[in-house]
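Asks: Structure below; questions to follow.
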Amino acid sequence: MNTLRHYLQFKDFSRQDYDHVFQRARWIKDKFKRYEPYHPLFDRTLVMIFEKASTRTRLSFEAGMHQLGGSAIYLNTRDSQLGRGEPVEDAAQVVSRMSDLVMIRTFEQDIIERFAANSRVPVINGLTNEYHPCQILADILTFIEHRGPIQGKTVTWIGDSNNMCNTWLQAAEVLDFNVHVSTPPGYEVEPERAGLYGTDHFEQFADPLEACRGVDLVTTDVWTSMGFEAENEARMKAFADWCVDADMMAQARPEALFMHCLPAHRGEEVTAEVIDGPQSVVWDEAENRLHAQKALMEYLVFGKV
Ligand code: CP
Ligand code: NVA
């Protein structure tokens, strides 16, 4: 039997794990594109628990599980006992007795850690306030498909040092690439909250243009993440100069890519010209959530196949 492993943050996997998962993702994607059925998770059940809204995460896990031969059940806080104060530890005991995999989108990382500590089956982080590992898994798969290995490359993060930024920083440590981060004053990276081992793989820049100079990928995200809506007005003012535009992209290497996890706000964190322009790979990135997570689920259930 495969040993129980969870995927709660990017550094839960080693470089060897990622080598395998990316290779499987490409194999699974290729088979899917050729309409060849692949049902390793026949008769298995994924439970998806959402405490925040989602389009891509729900769709990619639900479709992915179905395509692998299994089924997915959607629960949300509004109409389950989770929203009425049932302890997360109790929910984990029950949910994991009736399923083979669990995916959770919630608020504090602590909630998913407590769930996993009481679960009999693998638990996947579908986004917390601190991390979004499944998205970076898809983003790096997308980078590899377009530009080859990410090792030694430089990624620029513009905007909020949020769950996406923290996860890019962890990925840089695991997969040995560099991240330039430019945030407005007061919104800088907190290495401890990001779960970093050191500061060797990232550099903070006050000037976003300078952060983009000579890099291989420029990426950003909303200024106000889910759960932080009360700060929206202050953030709109603070982030006004951290909009990824053609000037920033012109600083990067000519072959640099642009990514955004979506949903995007054109005219806020990115101009329409950039997100809808030739360097943007946002639709491949969104599609790759499906393929990357299918490989992730296969790996968590069976280990190396
Ligand atoms: N990128 C992402 O996680 O999208 P959703 O919020 O739609 O799931
Ligand atoms: N940082 C964003 C990502 C959404 C997919 C949020 O947490 O709302």
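Asks: How big, in percent, is the set of alpha carbon pairs in the range 175-305 lying more than 19 Å apart?
Replies: Numbers: 4974 of 8515 pairs.
Tail of P(r) above 19 Å: 58 percent of Cα pairs.
Asks: Could you tell me the calculated FRET efficiency between His39 and Ala234, based on Cβ-Cβ distance and R0 = 41 angstrom, to the nearest 0.05? Don't jump to the answer; show the numbers that get you there.
Replies: Numbers: r = 50 Å, r/R0 = 1.21.
Efficiency, from the Cβ-Cβ distance: 0.25.
Asks: Over its Cα atoms, what ratio of radius of gyration to 2.2 N^0.38 Å does the chain give? Display every interim value, and only then the final one.
Replies: Values: Rg = 18.8 Å, N = 305, 2.2 N^0.38 = 19.3 Å.
Rounded to two decimals, the normalised Rg is 0.97.
Asks: OK, next. What number comes out for accessible area per residue over the chain if the probe is 1.4 Å? Units Å², please.
Replies: Details: 13210 Å² over 305 residues.
The answer is 43 Å² per residue.
Asks: If you stretched the chain out fully between Arg5 and Arg78, how much longer would it get, using 0.36 nm times the residue separation minus the C-alpha to C-alpha distance?
Replies: Values: separation 73, 0.36 × 73 = 26.28 nm, distance 2.86 nm.
Value of the extension gain: 23.4 nm.
Asks: Across the range 38-49, in residue order, what do the Karplus-derived ³J(HN,Hα) couplings come to in whole Hz, using 6.51 cos²θ - 1.76 cosθ + 1.60 with θ = phi - 60° and x for Gly and Pro?
Replies: 9, 10, x, 9, 3, 6, 8, 10, 9, 9, 10, 10
Asks: Taking Cα centroids, how far is the range 24-54 from the range 102-151 in Å?
Replies: 15 Å
Asks: Report in % the part of the accessible area of the range 213-260 that belongs to carbon and sulfur, leaving out ligands and nucleic acids; probe 1.4 Å.
Replies: On the way: 1100 of 2150 Å².
Here carbon and sulfur together make up 51 percent of the probe-accessible area.
Asks: In the range 55-131, what percent of the accessible surface is made up of carbon and sulfur (1.4 Å probe, ligands and nucleic acids excluded)?
Replies: Looking at the range 55-131 in its full context, I get 50 percent from C and S.
Asks: Just flag the trypsin sites (Lys or Arg not before Pro) in the range 66-128 sitting in loop per DSSP whose Cβ has no more than 10 other Cβ atoms within 10 Å. List each step's numbers first, then the result.
Replies: Details: sites: Arg78, Arg84, Arg97, Arg105, Arg114, Arg120; in loops: Arg78, Arg120.
Listed in order of number, the matching sites are Arg78.
The values are calculated or read from the model by the stated rules, or taken from the named source; none is laboratory data. Keep in mind that this is a model prediction, so the values were computed, not measured. Note that each Cβ is placed from the backbone with ideal geometry, even for glycine, and that neighbours are counted across all protein chains shown. Just the protein is used for accessible areas: all its heavy atoms, side chains included, with ligands, DNA and RNA removed. Shrake-Rupley method; radii C 1.70, N 1.55, O 1.52, S 1.80 Å.
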